[in-house]
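What follows is a set of notes on a single structure, which appears directly below.
The values are calculated or read from the model by the stated rules, or taken from the named source; none is laboratory data. Everything numeric in this text was worked out from a predicted model, so none of it was measured. Cβ sites come from the backbone with ideal geometry, for glycine too, and all protein chains shown count toward neighbours.
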Amino acid sequence: MTAPTVTVTAPTAARASRGLWGDAARRLLRNRPAIVGLICIAIFISAAILAPVIAPYGPLAGTLAERYQPPSLQHLMGTDTQGRDEFTRVLYGAQVSLQVGVIAVFLALFMGGVIGAIAGGLGGKIDAVLMRIVDVLLAIPGILLAIGIIAWLDRGMLQLMLAIAITYVPVFARLLRGSLLALREADYVLAARSIGASRVRILLRHMLPNALTPLIVSATLVLATAIIDIAGLGFLGLGPPDPRTAEWGTMLTDARKFLELAPWLVYFPGLAIVISAIGFNLVGDGLRESLDPRLRR
Amino acid sequence: MALLEVTDLVVRFRTHEGTIHAVNGVSFEVEAGETLGLVGESGCGKSVTNLAVMRLLPKPAGHIEGGTVIFDGLDLVTLPESDMRELRGRDVAMIFQDPMTSLNPVLTIEEQMVETIRAHRKTTKQEARKRAIELLAMVGIPKPETRLSSYAHQFSGGMRQRVMIAMALALEPKLMIADEPTTALDVTIQAQVLELLRRLTTEAGTALILITHDLGVVAGMTQRINVMYAGFIVETATTETLFASPSHPYTVGLLHSIPRLDEVRPETLVPIEGTPPDQRRAPVGCPFAPRCAWRLEVCWSDNPALVPLDPHARLRASGPEATHLVACHNRPTPEEAAAGRPLREGFVAAPPPGGVVEELAPTEEVLA
C-alpha cells in the first residue's frame with residue numbers, strides 16, 4: 001500500500017491510466033505463463049480460421065490404399081483409417097472445437113449471467129427459486145447431463161452446443177449471484193446509494209463491473225473444459241451428426257482400435273486437445289491476476 | 001424552522017437473534033449551516049440514526065419503527081423512495097468512515113464524480129468533468145486534470161477521503177453527514193481532513209453532522225454536541241458548555257477517558273468500567289445505570305427524560321444558544337465532574353435490585 005501521506009502519489013499514477021481494459025492487457029502481457037497460453041490459443045485459433053488455406057488436402061479426401069501411413073513429408077501427421085491426411089483433419093478439428101466451444105460458453109455465460117443477476121440483484125423468493133433450480137442442475141455430473149441432453153434432443157451441432165452450455169449455466173449463475181450478494185454489502189454501493197444512484201444504475205454500473213472479473217476468468221477456464229467435453233462427447237459418439245466430420249474426439253475413437261498399428265492417430269488429436277485446453281487455462285489464470293486493479297506488481 | 005428536525009426516532013433491527021433496540025426515541029435539530037457533533041461509543045446508535053435519516057438502513061433487518069424526520073419541510077420517513085433518491089446526494093450527502101472501500105475500485109475517479117454530478121444535474125459530460133476538476137482542486141488534490149483518470153487504489157487514504165469530500169460537495173448539499181470521516185486515517189492527516197471539511201462546509205453554508213467516538217475531533221469542529229448512549233441522547237449542549245460543565249455521568253466518563261495535553265499535572269485516565277447494555281433487550285431504567293458511579297435506586301427502574309439543566313431556561317433546540325439538556329436522576333456537580341467521581345460524603349452507588357450486578361450477556365457487535 002502507499003504510505004498514507006498527502007504528498008506521496010502512487011507510482012502508477014504518473015503514467016496515464018488507459019482504463020480498466022488497457023491496464024489489464026498491459027499486466028497480462030507481463031505474465032509469462034499467460035504469454036505461453038496466448039501462444040497456444042493463437043495456434044489454436046489460426047489453425048481453425050486458416051484450415052482451408054494451409055491444409056494440404058481436403059478434410060474428407062483420401063483413398064483406402066493410402067491408409068495408416070506414418071508421418072512423412074507428404075503427410076505431416078500421417079494418414080488415418082480412411083487414408084485421409086491427419087494434419088488436415090487436426091486443423092479442421094480446431095474449427096469444430098472453437099466454434100462449438102465459444103458459442104456454448106457464450107450461451108452459458110448469457111443464461112447463467114441473466115439468472116445470476118436476477119437472483120443476486122433482486123434477492124428474496126425469486127432468488128430462492130432460481131437457486132434451487134440451479135442446485136438441481138449442479139447436482140447432476142456435467143458430462144452425464146450433456147449426454148442426457150443430447151440423448152433427449154438427438155445428435156446435432158446445435159444440440160451439442162446447447163448441451164455443453166446448459167452444463168455450465170449453474171457455474172456462471174452461482175458465481176455472479178455470489179459476487180453480487182457480496183457487493184450489495186460493499187461500502188461503495190452504500191456510498192453510491194447515498195448520492196442517489198438508482199437501483200438499476202447501481203446494479204449495472206457499480207455491481208456488475210465488479211462482478212464481471214471472476215466471470216470472465218471463469219469463462220476462459222470453462223472454455224478449456226468445454227473443449228475437453230466436446231472431445232469427450234465426440235469420443236462417446238455424441239459429436240457432430242456426420243461421422244466423417246473432422247472432430248478431435250471422434251478422431252480418437254476412430255483411431256482407438258488401431259492404436260498399435262498407427263499410434264500417431266492418437267498422439268496428434270490428443271496433443272491438439274491438450275494444447276488448446278492448456279492455452280485457455282493459462283490465459284484464464286493470467287486474466288485472474290491482471291483484471292484485479294488492486295493487484296499491483 | 002430548522003433544516004433537520006428529528007423527533008422521537010425509533011430504529012430497530014429484526015434479526016435471527018431477536019430485536020435490536022438500536023435507537024430508542026431520539027430527538028434533535030440541525031439549523032442550516034450549523035455543525036453538530038454526535039458522540040458516543042461503538043454501537044450507541046449514532047451511525048444508525050443517520051442511516052435512518054438517509055433511509056439507508058440495511059434491509060431487510062433495519063426499520064424505522066417510529067418518530068418523524070423532517071428535512072426542509074419534507075417528512076423523510078414517509079417520502080416515496082424515488083423522491084428520497086432525488087434528495088440523496090443533492091440535498092443530503094454522506095461521507096463514510098473508510099475511504100479505502102467507499103470508492104468503486106473498477107471505476108476511475110472521473111467516472112464516479114461525473115456520474116454523481118449527472119445523476120442530479122442536466123449537464124454535459126464536459127461540464128461535469130470541468131466541475132469535477134474544480135472540486136478536486138478545491139479539496140487540495142494536486143494536478144486534478146491528470147488525477148481524474150486514476151483509480152481509487154492509486155490514491156492514499158487521506159487523498160481518497162478528500163475525493164469523497166469532493167464528491168459529497170459536488171451538488172452543494174444543504175446537509176452533510178460525515179460518519180467517522182477521519183477514524184481510518186493517519187493522525188497527521190486527520191487534522192488536515194477535518195480542517196478541510198470545516199472550511200468547505202462553512203464556505204458553502206452546508207450544515208454538518210459529524211459522527212465520531214472521539215471527543216477530541218468534535219471539540220474544535222462543532223458548535224453543538226449530542227452525546228449518545230445505547231440508542232438515547234443522554235446530554236446535549238453547545239460544545240463550549242459541554243466541555244466546561246459536563247452534567248451526565250457518561251459525558252464525564254468520556255472526558256476523563258481521553259488524554260489531555262493541556263493539563264499542567266497529567267492526571268490518570270479513568271476508564272468507564274463495564275460494557276454497554278445488551279441492546280437485544282428493551283431498555284428498562286437508565287441504560288447507563290450498570291456502569292454509573294452516581295446511580296440511585298430509581299435509576300434501575302426509571303429512565304430519566306432529557307430535560308434542561310436549568311429548569312427556568314428558555315428552550316432552544318439548536319443554534320449557539322441551545323439549551324443544555326441532560327437525562328440524569330443524579331447529576332454530577334461541577335466539582336464531581338472535574339474529579340471524575342462522586343465526592344459526596346458516604347455516597348455509594350445504589351446496588352441493583354436483587355443485590356447482584358446483573359451479568360451482561362456478551363454483546364454482539366451491533367452496527368455502530
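Filtering the stretch A:193-208 to residues that are of a type in the set (Val, Ile, Thr) and assigned to a helix (DSSP H, G or I) leaves A:200, A:202.
For residue B:59, the stated conditions do not hold, so it cannot be described as under 15 Å from residue B:20 (Cβ atoms) and surrounded by 16 or more Cβ atoms within 10 Å (Cβ to Cβ). Restricting attention to the stretch A:228-254, the residues that are aliphatic (A, V, I, L, M) and either modelled with pLDDT under 90 or assigned to a loop (DSSP other than H, G, I, E, B) (or both) add up to 3. Only one of the numbered conditions (1) surrounded by 15 or more Cβ atoms within 10 Å (Cβ to Cβ); (2) free of Cβ contacts under 8 Å to residues at least 24 places away in the same chain is not met by residue A:65, and that is (1).
Please note which helices (runs of 4 or more DSSP H) are completely contained in the stretch A:87-192 and include at least 2 residues that are hydroxyl-bearing (Ser, Thr, Tyr). Write out each step before concluding.
Numbers: elements: A:124-139, A:142-153, A:157-184.
Passing ranges, in order: A:157-184.
Residues that are over 19 Å from residue B:172 (Cα atoms) and either facing chain A (nearest Cβ under 7 Å) or more than 26 Å from the chain's Cα centre (by Cα) (or both) within the stretch B:89-110 comprise B:98, B:101, B:102, B:103, B:104, B:105, B:106, B:107, B:108, listed in sequence order.
Does the stretch B:171-187 include one or more residues that are part of a helix (DSSP H, G or I) and more than 25 Å from residue B:52 (Cα to Cα)? Within the stretch B:171-187, one or more residues are part of a helix (DSSP H, G or I) and more than 25 Å from residue B:52 (Cα to Cα).
Yes/no matrix, rows are residues, columns are (1) more than 23 Å from residue B:213 (Cβ to Cβ); (2) more than 14 Å from every other protein chain (Cβ to nearest Cβ); (3) in contact (Cβ under 8 Å) with a residue 24 or more places away in the chain:
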{"position": "B:57", "(1), (2), (3)": "no, no, yes"}
{"position": "B:63", "(1), (2), (3)": "yes, yes, yes"}
{"position": "B:73", "(1), (2), (3)": "yes, yes, yes"}
{"position": "B:76", "(1), (2), (3)": "yes, no, no"}
{"position": "B:83", "(1), (2), (3)": "yes, no, no"}
{"position": "B:87", "(1), (2), (3)": "yes, no, no"}
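Could you check the stretch A:99-129 and list, in sequence order, the residues that are among the aliphatic types (A, V, I, L, M) and within 20 Å of residue A:186 (Cα to Cα)?
Filtering the stretch A:99-129 for residues among the aliphatic types (A, V, I, L, M) gives A:100, A:102-105, A:107-109, A:111, A:114-115, A:117-119, A:122, A:126, A:128-129.
A:117, A:118, A:119, A:122 - these are the residues of the stretch A:99-129 that are among the aliphatic types (A, V, I, L, M) and within 20 Å of residue A:186 (Cα to Cα).
With the checklist (1) without any contact (Cβ under 8 Å) to a residue 24 or more places away in the chain; (2) not in a loop (DSSP other than H, G, I, E, B) in hand, flag the one item residue B:142 doesn't pass. Unmet condition: (2).
Each row is one residue, and each column tells you yes or no for (1) farther than 16 Å from residue A:110 by Cα; (2) touching a residue at least 12 places away in the same chain (Cβ under 8 Å); (3) within 14 Å of chain B (Cβ to nearest Cβ).
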residue: A:141; (1), (2), (3): yes, no, no
residue: A:144; (1), (2), (3): yes, no, no
residue: A:153; (1), (2), (3): yes, no, no
residue: A:156; (1), (2), (3): yes, yes, no
residue: A:160; (1), (2), (3): yes, yes, no
residue: A:166; (1), (2), (3): no, yes, no
residue: A:185; (1), (2), (3): yes, no, yes
residue: A:188; (1), (2), (3): yes, yes, yes
residue: A:191; (1), (2), (3): yes, no, yes
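Taking helices (runs of 4 or more DSSP H) as the structural unit, those lying wholly within the stretch B:45-136 and holding at least 2 residues that are over 30 Å from residue A:213 (Cβ atoms) and acidic (Asp, Glu) correspond to B:81-90. For the stretch B:148-170, the candidate set comprises residues that are assigned to a loop (DSSP other than H, G, I, E, B) and hydroxyl-bearing (Ser, Thr, Tyr); within that set, the residue that is nearest to residue B:30 (Cα to Cα) is B:156. Just give me the residues in the stretch A:21-40 being in a helix (DSSP H, G or I), under 15 Å from residue A:291 (Cβ atoms) and among the basic types (Lys, Arg), in sequence order. Result: A:26, A:27. Among the residues of the stretch A:187-223, those identified as within 30 Å of residue A:96 (Cα to Cα) and surrounded by 23 or more Cβ atoms within 10 Å (Cβ to Cβ) are A:219, A:222, A:223.
Looking only at the stretch B:101-140, residues that are hydrophobic (A, V, I, L, M, F, W, C) and on the phi > 0 side of the Ramachandran plot come to 0 in all.
Of all residues in the stretch B:132-146, none are farther than 20 Å from residue B:200 by Cα, of a type in the set (Lys, Arg), more than 8 Å from chain A (Cβ to nearest Cβ) and surrounded by fewer than 20 Cβ atoms within 10 Å (Cβ to Cβ).
The set of residues in the stretch B:179-209 that are within 22 Å of residue B:73 (Cα to Cα) and out of contact with any Pro (no Cβ under 7 Å at 6 or more places or on another chain) comprises B:201, B:204, B:205, B:207, B:208, B:209.
Of the residues making up the stretch B:154-186, just one is within 10 Å of another protein chain (Cβ to nearest Cβ), surrounded by fewer than 21 Cβ atoms within 10 Å (Cβ to Cβ) and free of Cβ contacts under 8 Å to residues at least 60 places away in the same chain, namely B:186. Here residue A:195 meets each of (1) away from chain B (no Cβ under 14 Å); (2) farther than 30 Å from residue A:245 by Cα; (3) of a type in the set (Val, Ile, Thr) with one exception, condition (1). The test for being touching a Lys or Arg at 6+ places or on another chain (Cβ under 9 Å), at pLDDT 90 or above and either closer than 21 Å to residue B:217 by Cα or crowded, with 22+ Cβ neighbours inside 10 Å (or both) holds for residue B:88. Specify which of the listed residues (A:129, A:171, A:114, A:134) is away from chain B (no Cβ under 14 Å), farther than 30 Å from residue B:167 by Cα, β-branched (Val, Ile, Thr) and touching a residue at least 60 places away in the same chain (Cβ under 8 Å). Result: A:171 is the single residue among A:129, A:171, A:114, A:134 that is away from chain B (no Cβ under 14 Å), farther than 30 Å from residue B:167 by Cα, β-branched (Val, Ile, Thr) and touching a residue at least 60 places away in the same chain (Cβ under 8 Å).
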